[in-house]
């Protein structure tokens, strides 16, 4: 007799997809925040990233990475327990996921977000 | 008639030579006299190995979608490897970024000579090159949780999710790799 395999619900997969999107969005949002409002944002970003070895050389990028990491991991854990007992149709969600990631890849292209929020002079 | 050399042997030879020569590219950077020379060699070798391993990984999507037995196990192993290499490349990248941003470093040079290289290529690459890690870890988690289910069912929906996650991962890896190569060709750290 073939042993029974535990059938897991596809909600778990949806939790993975949404948390990836949220992590990426948080990363990009924190970057755009540091462009639109550097005085406040850079202070916060430097502080969040300051536990990382070498943060003094990495600068605000360390904080942006931390924000992305925290959003990804925390939202994954929360969504996993919310969605793990729900069976969903993956086909539709997969299309939404692909569209969202492609949109993010386009928005992350600097001439696009700078066209919306302006070019600030970057001092060497 | 049986061919003298099998197609598999030819493919392995080609891949081996390509891999060897690609890895030579960052290693040859040792003739540079930069203070961050060894760090940039580590990052270059790490990124090259990641892209090479991810190309092999991407090819396992085809048997996965066809439902060939044993693919989940093989894909899980190579995905572990790619994820570790990606993480190592991100760590060396952050480390090398200190040298990139240092006074009189590559960033200053770009902003004086070719601002768009820093303001567009680097600003894009530094974020997109972080994308592969969550995509790869997410795919590995799905394979871990649903692997047995996938092998026993004829439904390929979950395999399609894996295929899309890994393809996106590979695209982001290639973006980071090519932009990195383009930049180091103009000015190394």
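Among the residues of region A:41-62, is any facing chain B (nearest Cβ under 9 Å), touching a helix residue (DSSP H, G or I) at 6+ places or on another chain (Cβ under 8 Å) and in contact (Cβ under 8 Å) with a residue 40 or more places away in the chain? There is no residue in region A:41-62 that is facing chain B (nearest Cβ under 9 Å), touching a helix residue (DSSP H, G or I) at 6+ places or on another chain (Cβ under 8 Å) and in contact (Cβ under 8 Å) with a residue 40 or more places away in the chain.
Kindly indicate which of B:143, B:85 is surrounded by 18 or more Cβ atoms within 10 Å (Cβ to Cβ), under 18 Å from the mean Cα position of the chain (by Cα) and more than 19 Å from residue B:34 (Cα to Cα).
Every option except B:85 fails the conditions.
The condition of being over 26 Å from residue B:101 (Cα atoms), exposed (fewer than 14 other Cβ atoms within 10 Å of the Cβ) and touching a residue at least 12 places away in the same chain (Cβ under 8 Å) holds for only one of A:101, A:86, that being A:86. Considering only residues in region A:70-83 that are within 17 Å of residue B:141 (Cβ to Cβ) and surrounded by fewer than 16 Cβ atoms within 10 Å (Cβ to Cβ), the one that is nearest to the other protein chains (Cβ to nearest Cβ) turns out to be A:73. Could you go through region A:17-32 and let me know if any residue there is part of a helix (DSSP H, G or I), at pLDDT below 95 and more than 8 Å from chain B (Cβ to nearest Cβ). Scanning region A:17-32, I find at least one residue that is part of a helix (DSSP H, G or I), at pLDDT below 95 and more than 8 Å from chain B (Cβ to nearest Cβ), so the answer is yes.
Against the definition (assigned to a helix (DSSP H, G or I), more than 8 Å from every other protein chain (Cβ to nearest Cβ), modelled with pLDDT of 90 or more and touching a helix residue (DSSP H, G or I) at 6+ places or on another chain (Cβ under 9 Å)), how does residue A:14 come out, yes or no?
yes
Inclusion of residue B:129 among residues that are out of contact with any strand residue (DSSP E or B) (no Cβ under 7 Å at 6 or more places or on another chain) and more than 10 Å from chain A (Cβ to nearest Cβ) is warranted.
The values are calculated or read from the model by the stated rules, or taken from the named source; none is laboratory data. It should be emphasised that the depicted structure is a prediction, and the values quoted were computed from it without experimental measurement. A quick note on method: Cβ atoms are made from the backbone with ideal geometry, for glycine too, and the neighbour counts reach across all protein chains shown.
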